[in-house]
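Have a look at the structure below, then the notes.
We did not get these values from a lab; they are worked out from the coordinates using the rules stated. Please read all numbers here as calculations on a predicted model, not as lab measurements. Backbone-built Cβ (ideal geometry, glycine too); neighbour counts: all protein chains shown.
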Amino acid sequence: MLTNVDLKEYTTFGVSALAKQFATFSNEDEARALSKNNTEELLILGGGSNLLLTQDFNGLVLKNEITGIRCVEQNDTSVLLKVGAGEVWHDFVLYTIEKGYYGIENMSLIPGSVGASPMQNIGAYGVEIKDVFEKLDALEIETGEVHTFSNEACAFGYRESVFKRALKGKYIITYVYFRLSLIKNLSTHYGAIEYELNKQGITSPTSKDVSDAVIFIRSSKLPNPKDLGNAGSFFKNPIVPIETYNKIKATYQEAPSYPVSETTVKVPAGWLIETAGWKGKQMGACGVHKNQALVLVNYGDATGNEIYELSTAIIKDVNQKFGVTLEREVNII
Ligand code: FAD
Ligand code: EPU
């Protein structure tokens with residue numbers, strides 16, 4: 001157990017915050033031993049790519065380092081993989097592509113760990129974890145028992161799961177099971193992917209081609225946290241009543257939207273923030289990224305609190321201008 005550990009290197013925002021206690025675990029027994037009789041506040045850490053630390057953490061940080069990828073079932077059409085929660089997500093994606101398993105190539109280059117992926121049902125380019133997720137094992141902190149959660153039990157939604165709501169802070173996810181296809185089954189309908197493949201004259205893409213296209217698109221839009229601290233999309237894309245959208249459209253005919261239900265649409269938060277004038281704006285040592293208004297960035301020595309305050313100012317302004325309340329996607333500690 002370490003004490004007073006600076007978490008700067010452990011999150012992709014790269015802000016300084018001291019953890020009173022810090023330990024790692026690489027199997028369920030270690031996780032159980034560290035968490036069961038602990039009386040401190042607990043923070044489970046994966047790759048730190050969806051966290052903003054706004055103050056020192058006066059408790060115990062447990063970093064998940066459970067590794068391993070095992071095929072636990074195979075039939076003519078699919079495989080079931082059991083994956084340690086501490087595996088790096090993108091490395092796992094590359095592993096599946098190499099093995100000829102289909103299903104997660106569109107989610108290439110998403111930072112973070114496998115264990116955090118079901119926390120908020122990560123997604124990109126038309127695919128979400130819930131599409132390939134079979135079940136997970138998680139250690140109940142209070143009892144030390146391992147429970148299994150089916151896809152349904154996780155209550156997945158858009159960047160949502162039961163672990164962010166009713167069961168928040170109660171479980172440590174230890175293994176995630178993915179059902180991947182052995183039959184070629186690629187999802188290239190997302191506009192930018194098709195455009196990239198066409199540009200390269202690829203008419204019958206492999207999963208590696210799709211992965212490469214996604215990596216190319218992402219690298220051109222999203223800042224690499226190694227160069228510029230960030231946590232990806234800071235806000236969720238809001239789902240609003242059609243009447244609210246129609247009001248926006250009356251002023252901005254070009255306002256984009258995606259259908260969600262008969263009565264609601266999703267409006268890109270990036271468009272709202274850019275149109276409100278925030279894109280590329282700098283406030284002290286943090287700001288709004290110049291290519292993607294949904295991404296807040298740390299130019300070097302911003303504090304978590306400064307970034308949080310910037311997000312509050314954006315929420316307020318977007319609300320005043322469009323009558324839409326943005327919700328933060330990033331977990332605030
Ligand atoms: P952390 O930041 O370490 O943790 C996130 C939350 O999960 C915390 O509340 C933590 O306590 C909890 N947690 C972590 N591991 C466990 C566990 N094993 N058990 C219980 N709780 C746990 N997300 C997308 O969905 N799509 C994208 O396209 C995308 N692009 C991104 C691009 C960039 C450049 C960045 C920096 C981030 C992006 N993200 C994206 C967000 C982020 O990558 C995901 O949310 C990722 O799943 C976070 O994983 P992590 O291991 O870093 O989680
Ligand atoms: N847009 C702007 N200005 C901007 C940014 C975006 O006008 O500065 C508008 C454009 O109209 C664009 C639309 O927003 O067509 C959508 O932009 P983009 O395709 O870049 O996607 P996004 O909505 O900004 C979402 C996810 C990403 C995911 C991509 C690709 C959320 C909150 N974000 O971003 O996930 O990678 O789609 O599928 O849903 C993350 O969760 O951290 C994340 C990066």
| note | Projecting the Cα atoms of PRO223, PRO268, VAL79 onto the charge dipole of the chain, where Lys and Arg contribute +1 and Asp and Glu -1 at Cβ, the residue farthest towards the positive end is PRO268
| field | Check: segment 207-251 dipole with +1 on Lys, Arg Cβ and -1 on Asp, Glu Cβ, in debye | value | 120 debye
| field | Cβ-based exposure ranking for SER219, SER204, in which fewest neighbours within 10 Å come first | value | SER204, SER219
| Given the rule -39500 (n - 2.57) for each run of at least 4 DSSP H residues, summed and divided by the residues of the chain, what is its mean residue ellipticity at 222 nm, to the nearest 500 deg cm²/dmol? | -7500 deg cm²/dmol
| message | Please compute one quarter of the surface area of the Cα convex hull for segment 283-333 and express it in square nanometres. | response | 3.8 nm²
| query | Can you run phi through the Karplus equation (6.51, -1.76, 1.60; θ = phi - 60°) for segment 324-332 and list ³J(HN,Hα) in whole Hz, with x for Gly and Pro? | reply | 10, 9, 6, 10, 6, 8, 6, 6, 9
| field | segment 128-199 - convex hull of the alpha-carbon atoms, volume per residue in Å³ | value | 115 Å³
| query | Computed FRET efficiency, Cβ-Cβ of LYS20 and LEU94, R0 41 Å: what is it to the nearest 0.05? | reply | 0.70
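Which order do the peptides 54-61, 227-234, 37-44 come out in when sorted by mean C-beta neighbours inside 10 angstrom, highest first?
Top to bottom by mean Cβ count within 10 Å: 227-234, 54-61, 37-44.
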| said: Taking 8 Å as the Cα distance limit and 6 or more residues as the minimum spacing, I'd like the relative contact order of the chain as a percentage. | reply: 17 percent
| field | FRET efficiency for GLU327 and THR203, using Cβ-Cβ distance with R0 set to 35 Å, rounded to 0.05 | value | 0.30
| field | Of the trypsin sites (Lys or Arg not before Pro) in segment 224-333, those whose Cβ has at most 11 other Cβ within 10 Å and which sit in DSSP loop | value | LYS226
| request: Calculate the length of the line joining the C-alpha centroid of segment 267-333 to that of segment 109-163, in whole Å. | output: 27 Å
| request: List every residue whose amide H lies under 5 Å from the amide H of ALA19, counting only residues 5 or more places away in sequence or on a different chain, with H placed 1.01 Å from N in the peptide plane. | output: VAL5, ASP6, LEU7, PHE57
| task | For the chain, report the translational diffusion coefficient in µm²/s to the nearest whole number, using Stokes-Einstein at 25 °C, 0.890 mPa s, and a Kirkwood Rh over Cα pairs. | result | 116 µm²/s
| Neighbour-count order for TRP89, TRP271, fewest beta carbons within 10 angstrom listed first | TRP271, TRP89
| How do CYS286, CYS154, CYS71 line up, fewest other C-beta atoms within 10 Å first? | CYS71, CYS154, CYS286
| field | Ellipsoid semi-axes in whole angstrom, largest first, where each is sqrt(5λ) of the Cα gyration tensor of segment 2-64 | value | 20, 13, 9
| message | Between MET1 and ASN37, what is the label-point separation in nm under the 7 Å Cα-to-beta-carbon projection? | response | 1.0 nm
| message | Over 5 Å intervals from 0, what percent of Cα-Cα pairs in segment 134-244 sits in each interval? | response | 2, 8, 12, 12, 13, 18, 17, 10, 5, 2, 0, 0
| remark: segment 229-332 -> Rg/Rh from Cα coords, Kirkwood Rh, value 0.99
| query | For the chain, with only Lys/Arg (+1) and Asp/Glu (-1) charged at the beta-carbon, what is the dipole magnitude about the Cα centre, in debye rounded to 20? | reply | 740 debye
| task | Mind listing the long-range amide H neighbours of ILE44? Cut-off is under 5 Å, sequence gap 5 or more, other chains count too, H placed in the peptide plane at 1.01 Å from N. | result | LEU62
| Which Cα, out of TRP89, ILE141, SER181, lies furthest along the positive dipole direction of segment 69-181 (beta carbon charges, K/R +1, D/E -1)? | ILE141
| query | Of all the C-alpha pairs in segment 69-181, what % are more than 17 Å from each other? | reply | 50 percent
